[in-house]
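The structure appears below as structure tokens.
The values are calculated or read from the model by the stated rules, or taken from the named source; none is laboratory data. Predicted model, so just to flag it, every value in this text is computed and none were measured. Every residue, glycine as well, gets a Cβ built from its backbone with ideal geometry; the counts of neighbours run over all protein chains shown. To get the accessible areas, we keep the full protein, side chains included, count just its heavy atoms, and leave off ligands, DNA and RNA. Shrake-Rupley method; radii C 1.70, N 1.55, O 1.52, S 1.80 Å.
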Amino acid sequence: MLNYTIRRLMFTIPVLLFISFIIFLLLDLAPNDPTGNLPMTIPPEVREKIRESLGLGQPIHVRYFKWCVQFFVNEPLNIIDQMFGTCTWGCEDRLRVQSWATRSPVVDLIVERMPQTLWVVGMSYVVGILIAIPIGVISAYRQYSWFDQAGTFVSMVGFSVPTFFTGVLMIVIFSVMIPTDSWFWFPSIYDTTHKVTDLASFGFQIRQMAMPVFVLALYNAAQISRFMRASMLDNLNQDYVRTARAKGMRERVVLLVHVLRNSLIPVVTVIALGVPQVFGGAIITEQVFKVNGLGQLLIIGIQGADIPLVQTLTFIFAVLIVLFNLIADILYGILDPRIRYD
Amino acid sequence: MPDGAQPVLDVRDLNTVFQTRGGEVHAVNHVSFDLKKGELLGVVGESGSGKSVTMMSLIGLLPSPPAEVRRGEVLFDGRDLLKMDADSLRDIRGARIGFVFQDPMTSLNPVFTVGFQLREPLMRHMGMNKRQANARAVELLELVGIPDAKQRLKDYPHQFSGGMRQRVMIAIALACDPEVLIADEPTTALDVTIQAQILELVKELRHKLGMAIVWITHDLGVIAGIADRVMVMYGGQVVEQAPVRELFKNPQHPYTAALLETIPHVRGDRAERLKVIEGQPPILGAIPTACPFRHRCPVAFDRCKQENPARMPVGDGHDAACFYDLAKGEPRDA
């Protein structure tokens, strides 16, 4: 297994380099202008100068190489320096990946935005999984019961109604129609500056997370519960279930040990594959609730033609996707003894 | 065969119905039989004749719905299994009545070790802790002839061959020293040499442990080799029942006779084609009011269309459900 993991990790290096190059090419092809948001009074010659100062005058392979050096060499060195307070080679004038719009290092921006995304989107993923697995198990065990029918209906809704609709609907109901002093009122805007210091502020943090988490959890739970149900149904009719019953095992053991253990194998894989989306942030939901997470950062970057920001962020998503693909494969090997990787 | 011994299992007038989209299917009709202590009862019949469904009905292993055991009595140790609640039935299942199923490739849970699956019934029924169960599991694997038993407990089912897996299944079924072992076509999925090994194993274990066995198969050759008594099923009912030698020598039901005819002979004319019984077995939408075999029967006459024959004694410990006396070549007197 270790050998396999190392081999796969080695293989990801050329893959990721290739992906980063493709992203770079695509962004270069995009018809946008980093000076487009500047005041109209700035004359074209000055704009041209600004573009040149951003390095846009150089040929594409040079720019790509410079980004590679900045991202793969300078940024890791910078992280080491910050962690240990050292000053490795060239720390005085080291060039980091700079955002064109804010003139601050992209990695710092990402670190700033990460907690909001992880709290809101990550929490919704966890909540979604915790809701989905029991629903899937019960729906399959009691197939076509009223519980299953209700579960199917809710999943259909969660699946087919987009989050920008459910999000706005929630805002209309819980932030607008309900009076502000009611216990059922929830804030429609996520306040990043809010600090949790005591129980009351913790309560407020929960309240401001509630709506975006609910909207995203509904969507996640809809997907995962369907998957869980299908996987359980596949396994419930297997011969080994009859064997377990013939051994006189209790129904609870048959279901939650024998069937669930088998059914979780594909579900865990799907859950692992979904994790990069958590980091990617639910772009639309973050917009609706004004959560200034990674999704929102990406949107702002795209709108402002902030190429280094978009390039770096997109590449980090690509790394996560490749990484979690590998993790899913390894989990599969751990969970299913029939799978061997050597 | 221990003659005149007490029956450990006494089944009376069992009826099982499946609810399907096309209506009810009466899979088991008026099945009665008993199983004596230490006896090996062979159950033969073609696919869909109700052999497996009968045995699964006894012990509540059929999924309900769609299956429903509508009528009957299954006396085991003086109690009616069909009237028992699910919990008490579970205490008997796997402890006092063991099961071996047809396909050893799929009957074991692929994600648990063989040791885990062997320990389960021991810990559930015998109140053993893990260490005791492990020790017993090693004994059991040795009993069914798996070498290097202690090591193999840690292996997963896919690390065993088909024959070895069936041995494991037998070990699981025997874990709690059951009085009855129900083997549902245990050798059908195995190739012939492995089949012979498993048969030898069962014969040997039977003498060692002295349990009664119900052996379901559609292979008459297997039955001839191990059974004491044979029950032939057709269309969800028992059509003939006799001691094994008597049945092979003197079949009294035309279906049994036809089945015996289909056995290919090793000696004799090579050009001879395999014999078949023409036609298809019936799918029973209702309890049959006529003989279910009449369409395929070479000696069927008027009465067979009007009444469903009950089993009647035709010899010593031999009964058959037929209006026609094959030996005399004429209808029996009513």
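Counting only DSSP beta bridges with both residues in the protein assembly as shown, what percent are antiparallel, rounded to the nearest 5? Restricted to the protein assembly as shown, the bridges split so that about 65 percent are antiparallel. The listed residues B:TRP215, A:TRP89, A:TRP119, A:TRP100, once ranked by accessible area (1.4 Å probe) with the largest placed first, stand as A:TRP89, A:TRP119, A:TRP100, B:TRP215. The calculated 222 nm mean residue ellipticity attributable to helices in chain A amounts to -21500 deg cm²/dmol, summing -39500 (n - 2.57) over DSSP H runs of n ≥ 4 and dividing by all residues. Take each residue of peptide B:87-98, count the partner chain Cβ atoms within 10 Å of its Cβ, and average: the result is 3.
For chain B, what is the mean residue ellipticity at 222 nm derived from helices alone (per DSSP H run of n ≥ 4: -39500 (n - 2.57); sum divided by total residues; nearest 500 deg cm²/dmol)?
Values: 12 runs with 107 residues, N = 334.
Dividing the helical sum by the residues of chain B leaves -9000 deg cm²/dmol.
Look at the stretch A:295-302: the mean tally of other chain Cβ atoms within 10 Å of its residues' Cβ atoms is 0.
Here the Karplus curve 6.51 cos²θ - 1.76 cosθ + 1.60, taken at θ = phi - 60°, turns the phi angles of the stretch A:251-257 into couplings of 4, 4, 5, 4, 6, 8, 9 Hz, with x standing for Gly and Pro.
Over chain A, what is the mean sequence separation of C-alpha contacts under 8 Å (at least six apart), divided by residue count, expressed as relative contact order in percent?
Working: 355 pairs, mean separation 90.9, N = 342.
That works out to 27 percent.
Surface composition of the protein assembly as shown: carbon plus sulfur atoms hold 62% of the accessible area, using a 1.4 angstrom probe and ignoring ligands, DNA and RNA. When every Cα-Cα distance of chain B is counted in 10 angstrom steps from zero, the calculated P(r) takes the values 5, 24, 32, 24, 11, 3, 0 percent.
The Rg/Rh ratio for the protein assembly as shown, using Cα coordinates for both the radius of gyration and the Kirkwood hydrodynamic radius, is 1.15. The stretch B:138-185 and the stretch A:12-40 have Cα centres separated by 62 Å. Exceedance of the 24 Å cut-off in Cα-Cα distance is limited, within the set B:LYS154/B:LYS203; B:LYS203/B:LYS275; B:LYS130/B:LYS154, to B:LYS154/B:LYS203; B:LYS203/B:LYS275. Put the Cα centre of the stretch A:170-224 next to the Cα centre of the stretch B:216-241 and the gap is 69 Å.
Computed with a 1.4 Å probe on the full set of protein chains, the accessible area for B:LYS150 sits at about 150 Å².
Note the buried accessible area between B and A here, summed over both chains, with a 1.4 Å probe, in Å² to the nearest 100. Write down the numbers at each step before the final one.
On the way: alone 16350 and 19620 Å², together 33850 Å².
Accessible area lost upon association: around 2100 Å².
Within the full protein context, the accessible area of B:VAL192 is estimated at about 110 Å² for a probe radius of 1.4 Å. Within a straight-line Cα-Cα reach of under 20 Å, A:LYS66 can be paired with the following lysines, leaving aside sequence neighbours fewer than 8 residues apart in one chain: A:LYS49. Straight-line cross-link reach from A:LYS290 at under 23 Å between alpha-carbon atoms covers these lysines, not counting any fewer than eight positions away in the same chain: A:LYS195.
Where in chain A are the DSSP H helices whose C-alpha atoms run 15 Å or more along the long axis and whose mean Kyte hydropathy is at least 0.0? Display every interim value, and only then the final one.
Numbers: long enough: A:2-29 (40 Å, 1.75); A:106-117 (16 Å, 0.46); A:123-141 (28 Å, 1.99); A:146-160 (21 Å, 0.63); A:199-236 (47 Å, 0.68); A:260-280 (30 Å, 1.38); A:307-335 (41 Å, 2.17).
Membrane-span-like by this rule: A:2-29, A:106-117, A:123-141, A:146-160, A:199-236, A:260-280, A:307-335.
Distance from the Cα centroid of the stretch A:245-268 to that of the stretch B:79-110 is 16 Å (rounded to whole angstrom).
If you average the sequence gap of Cα pairs under 8 Å that are 6 or more apart and divide by the length of chain B, what percent do you get for the contact order?
On the way: 620 pairs, mean separation 67.7, N = 334.
Dividing the mean separation by the residue count of chain B yields 20 percent.
Note that the protein assembly as shown presents 50 Å² accessible area per residue, ligands and nucleic acids not counted, probe 1.4 Å. Going from the isolated chain to the complete set of protein chains, the stretch B:118-156 loses at least 40 Å² of heavy-atom accessible area (1.4 Å probe) at B:GLU120, B:ARG124. The mean number of partner chain beta-carbon atoms within 10 angstrom of a residue's beta-carbon across peptide A:244-257 is 6. Of all lysines in the structure, the ones whose alpha carbon falls short of 23 Å from that of B:LYS83, not counting any fewer than 8 places away in one chain, are A:LYS247, B:LYS36, B:LYS37, B:LYS51.
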